[in-house]
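Undergrad: Just passing along the structure, written as structure tokens.
The values are calculated or read from the model by the stated rules, or taken from the named source; none is laboratory data. Every value quoted in this text rests on a predicted model; they were computed, and no experiment measured them. Using ideal geometry, Cβ is built from the backbone for each residue, glycine included, and neighbour counts are taken over all protein chains shown. Areas reflect the complete protein model, heavy atoms only, side chains present, ligands, DNA and RNA absent. Shrake-Rupley method; radii C 1.70, N 1.55, O 1.52, S 1.80 Å.
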Amino acid sequence: MIVRYHKDGGKHIAVYNLADTDRGDFSNPVARFTPPAISGTPQGYTLYGSYMYFMTGNAYSSSNPEPGNTYLTSININTGAIAQGPTLTKAGSTLTFREPEGLAIYRTDAGESRLFLGFASGVEGDRRSSIFYKNALV
């Protein structure tokens, strides 16, 4: 996946076959779309099948108390339209400090696909990484 800014000033996302990119061939994208507007602070994205998953949100603060403002949105890469969301996630909502940091897809040995959500956690000076997952994808 490549995110490019087009000469029209807009952001465009293109998805390519890995074998093509290994050869330096970017002439035949599998999908290309202009992402829809999604409000919030971008914190991560990942691609799985025909969907791109976006995470937005901020660390807890006086203006963003528990459960926070971390949202997940899925976009159909074939249409560029939002398939689901934005949906508030309360994953890790009881962490002392919780700032969304990224997304990844993991496939278990049993073949289950999981969307991993990463958060910075812990007190200042002793930050940790906390990872949660959802196994119900679009």
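Undergrad: Which of the residues that make up the stretch 84-105 are among the hydroxyl-bearing types (Ser, Thr, Tyr) and at pLDDT below 95?
TA: Here is the first cut: in the stretch 84-105, the residues among the hydroxyl-bearing types (Ser, Thr, Tyr) are 87, 89, 93-94, 96.
Residues satisfying the conditions are Ser93, Thr94, Thr96.
Undergrad: Quick one: which residue in Arg98, Arg107, Arg127 is touching a Gly at 6+ places or on another chain (Cβ under 9 Å) and of a type in the set (Lys, Arg)?
TA: Details: Arg107 fails: touching a Gly at 6+ places or on another chain (Cβ under 9 Å); Arg127 fails: touching a Gly at 6+ places or on another chain (Cβ under 9 Å).
The unique qualifying residue is Arg98.
Undergrad: Please count how many residues of the stretch 57-79 are more than 15 Å from the chain's Cα centre (by Cα) and surrounded by fewer than 17 Cβ atoms within 10 Å (Cβ to Cβ). Give the derivation first.
TA: Of all residues in the stretch 57-79, those more than 15 Å from the chain's Cα centre (by Cα) come to 59-68, 78-79.
Keeping just the survivors that are surrounded by fewer than 17 Cβ atoms within 10 Å (Cβ to Cβ) gives 61-67, 78-79.
Residues meeting the conditions: 9.
Undergrad: Quick check on this structure: which one of Gly118, Gly111, Gly85, Gly125 is open to solvent by less than 80 Å² (accessible area, probe 1.4 Å), small (Gly, Ala, Ser) and not in a strand (DSSP E or B)? Quick ask: steps written out before the conclusion?
TA: Details: Gly118 fails: not in a strand (DSSP E or B); Gly85 fails: not in a strand (DSSP E or B); Gly125 fails: open to solvent by less than 80 Å² (accessible area, probe 1.4 Å).
That would be Gly111, the only listed residue that is open to solvent by less than 80 Å² (accessible area, probe 1.4 Å), small (Gly, Ala, Ser) and not in a strand (DSSP E or B).
Undergrad: Count, please, the residues in the stretch 41-55 that happen to be open to solvent by 50 Å² or more (accessible area, probe 1.4 Å), within 24 Å of Arg98 (Cα to Cα) and assigned to a strand (DSSP E or B).
TA: Here the count works out to 3.
Undergrad: Based on what the data block shows, is Ile38 touching a Pro at 6+ places or on another chain (Cβ under 7 Å), β-branched (Val, Ile, Thr) and not in a loop (DSSP other than H, G, I, E, B)? Talk me through it step by step, then tell me what you get.
TA: Details: touching a Pro at 6+ places or on another chain (Cβ under 7 Å): yes; β-branched (Val, Ile, Thr): yes; not in a loop (DSSP other than H, G, I, E, B): no.
No: the conditions fail for Ile38.
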